[in-house]
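To start, the structure under review is shown below, and the notes come after it.
Values quoted throughout were computed directly from the atomic coordinates according to the rules given, and no laboratory measurement underlies them. These numbers come from a predicted model, not from an experiment. FYI the Cβ positions are ideal-geometry reconstructions off the backbone, even for glycines, and counts take in every protein chain you see.
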Protein chains: 2
Amino acid sequence: MTELETLGAAVKAAERKLSIANTKQKNDALLAIRAALLENKARILEANAADMAAAKENGLKSAFQDRLLLNDKRIEDFAKGVADVAALPDPIGEVISMNDSATGMTIGKKRVPLGVIGIIYEARPNVTVDAAALCLKSGNACILRGGKEAIRSNTVLADIMRGAIESAGLPADCVALIHDTSRESAKELMGLRGYLDVLIPRGGAGLIDSVVQNASVPVIETGRGNCHVYVDDDADLEMAANIVENAKCSRPSVCNAMETLLVSEKVAAKFLPLLLPRLQKYSVELRCDEKALKILGDAAIPATEADWGTEYDDYILAVKVVSGIDEAMDHIACYGSGHSEAIVTTDYAKSQRFLREVDAAAVYVNASTRFTDGGEFGLGAEIGISTQKLHARGPMGVRELTSCKYVIYGSGQIR
Amino acid sequence: MTELETLGAAVKAAERKLSIANTKQKNDALLAIRAALLENKARILEANAADMAAAKENGLKSAFQDRLLLNDKRIEDFAKGVADVAALPDPIGEVISMNDSATGMTIGKKRVPLGVIGIIYEARPNVTVDAAALCLKSGNACILRGGKEAIRSNTVLADIMRGAIESAGLPADCVALIHDTSRESAKELMGLRGYLDVLIPRGGAGLIDSVVQNASVPVIETGRGNCHVYVDDDADLEMAANIVENAKCSRPSVCNAMETLLVSEKVAAKFLPLLLPRLQKYSVELRCDEKALKILGDAAIPATEADWGTEYDDYILAVKVVSGIDEAMDHIACYGSGHSEAIVTTDYAKSQRFLREVDAAAVYVNASTRFTDGGEFGLGAEIGISTQKLHARGPMGVRELTSCKYVIYGSGQIR
């Protein structure tokens with residue numbers, strides 16, 4: 001057995017106990033984690049200071065350092081997040097259906113944990129706490145493998161959580177951290193069949209691609225978003241400008257931000273000049289097809305083919321003038337990532353067509369793509385936004401971290 | 001673009017149309033397939049005769065030849081199966097939930113097709129028709145890749161189905177067959193990202209392992225079954241003997257057949273001699289641990305460690321005497337494949353523990369494992385039995401071939 005297999009076996013054994021823990025036991029463990037995080041602030045900050053010093057020494061970007069940084073406020077936010085997860089309804093044990101069979105057996109379908117969940121992520125120590133709390137609430141043990149730049153912070157956070165879980169009477173191995181942050185350890189985790197029921201990558205496109213290409217365990221892809229807003233010829237243009245401004249500029253670095261604007265040629269000449277000052281406030285760079293360029297002139301630059309497929313995560317917007325809803329939907333089918341897509345229109349028939357025909361996790365009429373979020377959709381905290389269609393689609397809360405089993409009550413039936 | 005990518009793009013385009021087809025359109029296509037299969041019996045039998053001749057020439061086993069063989073009766077069964085699928089309720093379009101959000105949007109969650117489903121299977125021409133019908137009903141296009149020994153039969157079956165689909169006004173490419181049956185074509189299908197939403201292998205352990213190890217598209221594992229029956233010290237022994245006989249002998253080649261018998265030491269000396277003649281009728285080979293061997297003597301042979309993990313699919317049974325329910329559940333947790341597990345007991349508390357603590361797709365009290373089946377569980381036809389926990393667990397019917405999307409009705413909301 002390799003070191004990781006030994007860890008996998010220990011986590012799997014812990015999961016057998018956790019899977020049958022009741023709601024109170026799991027909530028007690030979560031509240032113990034909350035208390036321990038607050039009590040051990042100084043220890044967490046000390047470890048994080050060492051990570052930050054190394055990051056500075058290695059000249060890592062300021063955005064990267066910002067994600068790595070912990071302070072009093074952020075630790076308090078972690079602790080509040082854990083308490084919020086404790087307050088969620090327990091998804092486990094729900095009987096989804098139950099019926100008597102033709103031969104007199106009672107056949108029920110019951111919600112159960114997935115089992116052992118692996119999470120691979122980058123240098124965001126908040127994921128260590130968020131992911132562990134969501135897994136614990138849903139009866140899943142987890143194996144965490146964070147980025148090497150955060151290893152000191154993660155080690156202390158995992159240690160604190162494991163102690164708290166044990167103090168609440170559940171096995172410490174319900175939450176395990178992989179201390180080896182080499183590429184090899186990530187690869188081995190992707191192939192840990194027999195121990196891992198699912199692997200969830202959280203991070204940039206490079207990480208997700210690597211997991212999808214290399215994993216032999218089941219994977220849920222998360223977080224890639226090339227989102228569009230289509231402004232129809234029947235749009236309320238003032239509403240459309242509000243929505244585009246919000247979808248692009250309110251938080252461009254997240255996956256539900258808009259990347260490409262599609263405008264009907266019937267309103268482009270009126271709408272684009274109306275929109276321009278809204279985007280100029282944020283110095284948004286506009287990359288336009290030929291028709292949009294003619295309207296916007298010096299305020300824009302030409303788009304290349306690559307722009308239509310790019311998730312900028314930045315103050316950059318691709319703009320294309322289309323002949324109408326059909327060309328807009330064809331463009332989305334070709335370039336969209338299946339995350340969030342919106343139409344702005346006052347036309348009933350076109351609103352229905354867009355909702356029905358566009359294939360994405362979330363399809364909007366007259367609202368910003370920025371709403372695609374576990375909190376906004378009423379799921380409570382989320383572990384990520386699935387952009388695949390298998391198992392879960394869109395924001396994933398604790399319910400999306402469950403499976404089911406059939407329970408059959410017989411009285412001697414044979415077939 | 002490779003040849004397979006070209007095919008993938010054509011199927012994806014067909015799926016955009018199929019995904020928005022209504023129930024009547026899909027049922028019309030299914031009924032057209034049913035009629036075309038019956039009208040073209042002679043053509044199907046001719047192609048199958050060529051497959052059978054080649055199989056005989058290549059000296060393939062008689063069980064293999066039996067699975068490959070078509071005759072009038074089997075083609076009529078196919079046609080009836082397609083009509084049965086047409087009669088199932090349409091899973092697509094169901095609104096699973098719909099609520100008003102805090103900001104006044106209406107957020108609904110709606111059942112939609114998965115998209116394009118790949119099926120890799122061996123030389124069973126029935127899968128070609130079954131899989132295509134289930135995919136069509138659930139609004140999914142499919143790419144079929146069957147074993148090379150059945151390629152002549154499959155080519156004719158696919159051709160007939162494609163013609164029928166087109167005659168009903170849907171695109172022929174809703175069903176596509178890969179004609180290249182080389183290993184390379186299978187590997188390429190496993191990596192067809194961007195065109196395939198899920199790949200389902202149907203066949204033996206070798207095929208499933210190869211898909212799981214090599215695929216970069218999402219996979220649903222099906223069909224491996226190392227199932228146990230545990231006879232508790234509080235069992236009705238007559239009932240237990242009936243269940244064990246049925247679970248082992250009624251159809252040993254299928255995945256829900258029992259492979260290992262676990263008996264409590266408190267009843268082993270009484271139960272095993274009672275069971276023995278039941279199994280001897282079928283010449284079942286008994287591979288026993290030391291304690292069971294002492295009881296059964298010459299009627300059995302010693303088991304090795306490998307026996308506990310083996311899916312025999314044959315008239316062979318591994319037998320182990322255990323100290324009670326805890327050791328039985330530990331054994332199942334260690335060696336089980338997560339398919340179907342049963343306890344025979346009259347004790348209420350132990351029945352509840354077994355149902356709660358055993359982690360498998362189907363867990364039984366006082367009934368045979370042989371009931372794990374889409375028809376028995378009320379799903380109608382099944383495309384396979386999932387032994388993984390992600391997306392679907394246990395028998396998969398048309399509903400398990402669906403995903404969902406969020407549809408959001410706004411009135412200008414921004415975040």
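Taken as Cα centroids, region B:288-347 and region A:341-404 sit 47 Å apart, rounded to the nearest whole angstrom.
With the Cα gyration tensor of region B:227-371 giving a ≥ b ≥ c as the square roots of its eigenvalues, does the rule (a/c under 1.5 for rounded; else a/b larger than b/c for prolate; else oblate) give rounded, prolate or oblate?
It comes out rounded by the Cα gyration axes.
One Cα centroid belongs to region B:116-159, the other to region A:52-75; the line between them spans 53 Å. In this structure the amide hydrogen of B:CYS227, modeled in the peptide plane, comes within under 5 Å of the amide hydrogens of B:GLU259, B:THR260, none closer than 5 places in sequence on its chain.
Across identical copies of the chain, B:GLU5 has label-point separations of 3.8 nm, listed in ascending order, with the point defined 7 angstrom from Cα along Cα→Cβ. Taking chain B as a Gaussian network of alpha-carbon nodes connected by springs under 10 Å, the highest mean-square fluctuation of the residues B:ILE92, B:ILE301, B:ILE120 belongs to B:ILE301. A Förster radius of 41 Å combined with the Cβ-Cβ distance from B:THR346 to B:ALA205 puts the calculated FRET efficiency at roughly 0.70. Under the combined filter of DSSP loop state and at most 10 neighbouring Cβ atoms within 10 Å, region B:32-107 retains these trypsin sites (Lys or Arg not before Pro): B:LYS61. Copy-to-copy label distances for A:ARG356, where each label lies 7 Å from Cα along Cα-to-Cβ, are 4.8 nm in order of increasing length.
For chain B, the 222 nm mean residue ellipticity estimated from helices alone, with every DSSP H stretch of n ≥ 4 adding -39500 (n - 2.57) and the total spread over all residues, rounds to -13500 deg cm²/dmol. Each copy carries A:ASP180; placing its label point 7 Å along the C-beta direction from Cα gives inter-copy distances of 3.8 nm, listed from smallest up.
Among the trypsin sites (Lys or Arg not before Pro) found in region B:281-319, those both in a DSSP coil and sparsely packed, with 16 or fewer other Cβ atoms within 10 Å of their Cβ, are B:LYS281. Copy A relates to copy B by a rotation, and the A residue whose beta-carbon is nearest that axis, with the distance in whole angstrom, is A:HIS391, 2. Taking only Cα atoms and a 10 Å spring cutoff, compute GNM fluctuations for chain B and point out the largest among B:PRO171, B:PRO252, B:PRO277. Between B:PRO171, B:PRO252, B:PRO277, it is B:PRO277 that shows the largest mean-square fluctuation. All distinct Cα pairs of the protein assembly as shown go into the 1/r average, and the inverse of that average, the Kirkwood radius, is 28.7 Å. Comparing Cα centroids, region B:176-217 and region A:222-263 end up 37 angstrom apart.
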